[in-house]
Structure formats: C-alpha cells, structure tokens
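Here is the structure we will look at, set down as structure tokens.
The values are calculated or read from the model by the stated rules, or taken from the named source; none is laboratory data. What you see is a predicted model; the values in this text were computed from it and never measured. Ideal geometry is used to build each Cβ from the backbone, glycine not excepted, and the neighbour counts take in all protein chains shown.
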C-alpha cells in the first residue's frame, strides 16, 4: 500500500455500525494480530492484551452492557485490555514484589499502549477495506464487564472494536476546524462559542442531510447537553473498579 493510499483511508475514516454477516478470515485475523503486536509500547513493557470474543453468550452480554444493538451482532468483536497482570506474574516468578505495578503512572502507560494498539488495529483494518467502530460503550458498567470477561486483577478493558465488512456507507462526519485544535507554542485560553458559529452550521447541515438518525443538532449544543451534564451513571464506578482491580492505588 502506498503512503497516499494509507493517508486517504485515514482522512476518510467513517464509523461503521452495520456489518454484513461475514467473519474475518484467518489470514485477516492473523494480520491484524501482527499489526497490534508491532504497536509502539512504553518502556517495552507491552502492557496490553486483546480478547477476540467469539462466544455468542459473551457477545450478547457485552452488547447488553454497551446498550448498542450492533455490538457483537455481526462482524468480529475485540476487547482491548490494559494488562499489568502478565508482568506481575513475571516478577512474582522471579521472586520480586509488584514494584510500581499498582501506581497510576504505570496504569496510564498501559492505557497508552492499549489505545495506540486500537488505532493501529483500526488503520490496518480500514486499509484491508473493512469497516470498524471503536466502542467506549463497553464500559457503561465496568464491574459487570470485568465479571463477564472473567478478567484477573491488574487488568482493565479500555475499548472495544467491532470490525467486519461494512453494510452501510455513512457520510463523512465534519471535525473541528484545524485552527481550533492545533496551536503553536501556546494554548489559547480565550476561546468563545462565537468562534464555532460556522462549524456549528456545518454540523447542523451534516445531521440534516445524513441518511440515518437525522436531527437538528450542532457541536456546541452537544457539549452543552446531558452528555457532559451532572448525572449519575454506572461509569461513575470507574475509580472504584480500578482500585478493586489493584490499579491506580498510588
């Protein structure tokens, strides 16, 4: 694949939420695994693992947690996990204590490893003409998810990815103008909603014209909506669940 082709795939990324009833081939699966395995890793600790969920019962339970009907329904479902457990076992077998494995610093390094792996996975999948959707919704009930996946302490599922042959062609969703999120040397703190008027109009047009779930909405309206408002959700368990997993204790 040429550099231009790869960049074109990245510039035209679309989230796919409908997949054909077709599983990955063993060749596709192997290639995606190898791409993830070559992802950059902090301090060469390789603190990430991936679960490929093929058990329909587990897929159904993850779907229920996410609240999204397309999760696990078609294509292939992968769960990307911050994994400090493996390195704990290596240290224990060598007669060492856990060292800094319970620190927030090491957990965040594991998060970096895992999120980078997700992006590499998605870029590779799209270069293979597959569709993807990154699933933050798997953590709508983090304690339940850990129970369903039967994960040991010192692990935490960060993101899911559904991948497969796309069964839709959604429009390209407009992102913020570059001048509003790329800066030189200093971060501009005097930003105003009026700076986003033109972008809001573009987003409103996108929602009005798109093929599915049409509505009148804007970017600033979404930021000011219940999405970021004060409300209690199962996601508020995150800190407690992290601590229960032996993570971010110091």
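Cβ contacts < 8 Å: first residue free of Cβ contacts under 8 Å to residues at least 60 places away in the same chain, restricted to the range 18-30; second residue surrounded by 13 or more Cβ atoms within 10 Å (Cβ to Cβ) and assigned to a loop (DSSP other than H, G, I, E, B), any location; separation 6+ or different chain. Result?
21/74
Kindly list, by first and then second residue, each pair from a residue in the range 49-61 that is on the phi > 0 side of the Ramachandran plot and touching a residue at least 12 places away in the same chain (Cβ under 8 Å) to a residue that is in a loop (DSSP other than H, G, I, E, B) and buried (at least 18 other Cβ atoms within 10 Å of the Cβ), limited to pairs with Cβ atoms under 9 Å and residues at least 6 apart or on different chains.
Filtered contacts from the range 49-61: no entries.
Condition (residue is out of contact with any helix residue (DSSP H, G or I) (no Cβ under 9 Å at 6 or more places or on another chain) and farther than 27 Å from residue 68 by Cβ) applied to the range 235-250: is it met by at least one residue? Steps first, answer last, please.
Here is the first cut: in the range 235-250, the ones out of contact with any helix residue (DSSP H, G or I) (no Cβ under 9 Å at 6 or more places or on another chain) are 236, 239, 243.
Then drop every residue that is not farther than 27 Å from residue 68 by Cβ, which leaves 243.
So far as the range 235-250 goes, yes, one or more of its residues are out of contact with any helix residue (DSSP H, G or I) (no Cβ under 9 Å at 6 or more places or on another chain) and farther than 27 Å from residue 68 by Cβ.
For the range 241-250, which residues satisfy the criterion of being in contact (Cβ under 8 Å) with a residue 12 or more places away in the chain, closer than 21 Å to residue 145 by Cα and loosely packed, with under 15 Cβ neighbours inside 10 Å?
Step one: list which residues in the range 241-250 are in contact (Cβ under 8 Å) with a residue 12 or more places away in the chain, which gives 241-242, 244-250.
Applying the additional criterion that residues be closer than 21 Å to residue 145 by Cα yields 241-242, 244-249.
Residues satisfying the conditions are 244, 249.
Can you tell me how many residues within the range 198-234 are over 16 Å from residue 175 (Cα atoms) and either surrounded by 14 or more Cβ atoms within 10 Å (Cβ to Cβ) or in contact with a strand residue (DSSP E or B) (Cβ under 6 Å, 6 or more places away or on another chain) (or both)?
Residues meeting the conditions: 1.
Out of (1) assigned to a helix (DSSP H, G or I); (2) touching a residue at least 12 places away in the same chain (Cβ under 8 Å); (3) on the phi < 0 side of the Ramachandran plot, the odd one out for residue 43 is which?
It fails just one condition, (3).
Going through the range 165-202 one residue at a time, which ones are touching a residue at least 60 places away in the same chain (Cβ under 8 Å) and not in a loop (DSSP other than H, G, I, E, B)?
166
Just the residues that are surrounded by fewer than 18 Cβ atoms within 10 Å (Cβ to Cβ), modelled with pLDDT of 95 or more and in contact with a helix residue (DSSP H, G or I) (Cβ under 8 Å, 6 or more places away or on another chain), please, taken from the range 68-99.
Within the range 68-99, 97, 98, 99 meet the criteria.
For the range 222-239, name all the residues that are in contact (Cβ under 8 Å) with a residue 24 or more places away in the chain and in a helix (DSSP H, G or I). If you could, list the steps in order and put the result at the bottom.
If we filter the range 222-239 for residues that are in contact (Cβ under 8 Å) with a residue 24 or more places away in the chain, which is where we start, we get 233-235, 237-238.
Answer for the range 222-239, where residues must be in contact (Cβ under 8 Å) with a residue 24 or more places away in the chain and in a helix (DSSP H, G or I): 234, 235, 237, 238.
When you scan the range 50-146 for helices (runs of 4 or more DSSP H) that lie fully inside it, which ones turn up with 2 or more residues that are under 30 Å from residue 170 (Cα atoms)?
By residue number, 56-66, 104-127.
Can you give me the number of residues within the range 143-154 that are more than 21 Å from residue 74 (Cβ to Cβ), surrounded by fewer than 23 Cβ atoms within 10 Å (Cβ to Cβ) and either in contact (Cβ under 8 Å) with a residue 40 or more places away in the chain or in contact with a strand residue (DSSP E or B) (Cβ under 9 Å, 6 or more places away or on another chain) (or both)?
Matching residues across the range 143-154 total 6.
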